[in-house]
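Working notes for the structure below.
Values quoted throughout were computed directly from the atomic coordinates according to the rules given, and no laboratory measurement underlies them. The structure presented is a predicted model; accordingly, all values stated were derived computationally and were not measured. Positions of Cβ are generated from backbone atoms using ideal geometry, with glycine treated the same way; all protein chains shown enter the neighbour counts.
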Amino acid sequence: MGNDKWSLFDFCETLVTFQTADAYVHYIRRKTGNRRMILLDGLHRLLKTFRVVNLAERITGNKRSINKRLVLYQLNGFSKQVLERYAKEYYQECIKPNLISKIHQMLLSRKRDGWKVMLVSGGYDLYLKYYVEEFKLDGVLSTSIGFDRKGKCTGQFNGNDCLNEEKVVRLNRMFPEGTGCSESYSDSITDLPLLKWTDKGFVVSRKASQTWAKRYNLEEIIWD
């Protein structure tokens, strides 16, 4: 990180009010009315009804993102061009109207004060890039959607899901000499590795305090 000051933000339920990854897939299914997507979504719901997905998540310790992978597979076969077009629409129609103003303004304030600002998120790269571009952020670490050589979506991740410890793995790769002055923001205890990786971690909470924030001696920002 050198002499730069870095401010790292989770995205889903930290800067925006909802979980954006699965919602992106659902958005495309609603927009297209694609029968294959509808069928796969029905099968997924059936598996959840019989708790097959929950059992698989417990067995793997939630480290394989099984539910998220099943949802993403609905995009198998779509062209990159089509998914990018829907990503831009999704950003404008769903993400921007649901930004958490208090945290978003803090991010902009950090930019004005000369901090380097980066997203570290399990959201998908296709739509996060529009937030990064619009607000001139300094980078993004996120989950990438895979495409084959012909530009068709594989319905799988390209690499690992950018969640939990994977965020720290990527940060260590990006900054092998360690941290300078750094801070991070997240709503979830699953991001404890990220919050502890930086010099200072802030827990973002909606309406009420989260007990784990105090347990780990983390400062808290409550928004309503």
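At a glance:
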| read-out | value |
| --- | --- |
| Whole-Hz ³J(HN,Hα) from phi, Karplus 6.51 cos²θ - 1.76 cosθ + 1.60, for the range 7-16, glycine and proline x | 10, 10, 10, 5, 10, 5, 6, 10, 9, 10 |
| Translational D in µm²/s for the range 79-125 (Stokes-Einstein at 4 °C, 1.567 mPa s, Kirkwood Rh from C-alpha pairs) | 103 |
| Residue-count net charge about GLY159 - beta-carbon cut-off 11 Å; Lys, Arg +1, Asp, Glu -1 | -2 |
| GNM result for the chain, Cα springs below 10 Å: residue of VAL169, VAL25, VAL204 fluctuating most strongly | VAL169 |
| Label zone at ARG215, where the point sits 7 Å out along the Cα-to-Cβ direction: the range 178-194 residues whose backbone N lies under 15 Å | 188-193 |
| Simple spin-label estimate for SER205 and GLN105 in nanometres, 7 Å along Cα-Cβ | 2.1 |
| 0 to 90° range, to nearest 10: angle between helix 101-112 axis and the chain longest Cα axis | 60 |
| Derived scalar couplings ³J(HN,Hα) [the range 213-218; Karplus, 6.51 cos²θ - 1.76 cosθ + 1.60; whole Hz; x for Gly, Pro] | 4, 5, 4, 9, 6, 9 |
| Equivalent ellipsoid dimensions for the chain as semi-axes, Å, which come from the Cα gyration tensor, largest first | 30, 20, 17 |
| Förster-model FRET efficiency, 30 Å R0, MET174 and LEU39, C-beta, rounded to 0.05 | 0.15 |
| Summed residue charge, Cβ within 13 Å of TYR91's Cβ, Lys/Arg positive, Asp/Glu negative | -2 |
| Under Karplus coefficients 6.51, -1.76 and 1.60, residue-wise ³J(HN,Hα) of the range 181-186 in Hz, glycine/proline x | 8, 8, 8, 9, 10, 7 |
| Per-residue Cβ neighbour rank within 10 angstrom, fewest leading, CYS181, CYS153, CYS94 | CYS181, CYS94, CYS153 |
| Within the chain, longest stretch free of exposed trypsin sites (Lys or Arg not before Pro) [DSSP loop, at most 15 other beta carbons within 10 Å] | 65-135 |
| On Cα atoms only, tilt of 125-134 relative to the major axis of the chain in degrees | 40 |
| Estimated distance in nm for a label pair at ASN98 and LYS150, the labels positioned 7 Å out from Cα along Cα-to-Cβ | 3.4 |
| With Cα atoms, 0 to 90° folded angle of helix 35-49 axis to the chain main axis | 70 |
